[in-house]
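All remarks here apply to the structure that follows.
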Amino acid sequence: MKIICPSKTKSPYTSVIDELSKRARVSVEFVKKVEVKNPIVLDEQGETLTIKKLSSFPENTVFVIGGPDGTSIEGLKYSLGQYTLNHQIAIIVLLELLFRAKNPSHPYNKH
């Protein structure tokens, strides 16, 4: 799995994103231009993303998180909730959810 964001990350988020991406075994790429076919686009208007739904996505799934100005990328739309998060927090939340989806029996407070 991969997360793509058309923006850069800033401290203090960088180290948290690096740590969680290793634990979740998900690559995170910050790019100037998103060029991907059939991504899952995180958008507050999308269907709510659940652990069960995340567990059903194939391993080659690509998630796109908008930068500070959002995103115009087309794809299946899912939401982390009906609120706005900055792109760095959205990446952290998604990484945590992906870790939980891949490790359902992992004790919640042990990582």
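The values are calculated or read from the model by the stated rules, or taken from the named source; none is laboratory data. This one's a predicted model, so the numbers in the text were calculated from it and none came from an experiment. All Cβ positions, even for glycine, are placed from backbone atoms using ideal geometry, and neighbour counts span all protein chains on display.
Annotations
- Checking each residue in the range 24-46 for being at pLDDT below 90, in a strand (DSSP E or B) and either farther than 9 Å from Ser79 by Cα or among the acidic types (Asp, Glu) (or both) picks out Asp43, Glu44.
- Restricting attention to the range 52-104, the residues that are within 22 Å of Thr14 (Cα to Cα), surrounded by 17 or more Cβ atoms within 10 Å (Cβ to Cβ), small (Gly, Ala, Ser) and free of Cβ contacts under 8 Å to residues at least 60 places away in the same chain add up to 1.
- Candidate set: the range 66-101, residues that are over 16 Å from Asp18 (Cα atoms) and hydrophobic (A, V, I, L, M, F, W, C); chosen: the one nearest to the chain's Cα centre (by Cα): Leu80
- Residue in the range 49-61 that is in a strand (DSSP E or B), out of contact with any His (no Cβ under 7 Å at 6 or more places or on another chain) and farther than 12 Å from His87 by Cα present: no
- Top-ranked residue in the range 53-76 [being at pLDDT 90 or above and charged (D, E, K, R); ranked as farthest from Cys5 (Cα to Cα)]: Lys53
- In summary, Lys2 fulfils each of the numbered conditions (1) surrounded by 12 or more Cβ atoms within 10 Å (Cβ to Cβ); (2) out of contact with any Ser or Thr (no Cβ under 8 Å at 6 or more places or on another chain); (3) among the basic types (Lys, Arg) with the single exception of condition (2).
- Where Tyr108 falls short, out of the listed (1) modelled with pLDDT of 95 or more; (2) surrounded by fewer than 12 Cβ atoms within 10 Å (Cβ to Cβ): (1)
- Check on Ser15, without any contact (Cβ under 8 Å) to a residue 12 or more places away in the chain and surrounded by fewer than 17 Cβ atoms within 10 Å (Cβ to Cβ): yes
- Qualifying residue in the range 64-78 (condition: outside any strand (DSSP E or B) and basic (Lys, Arg)): no
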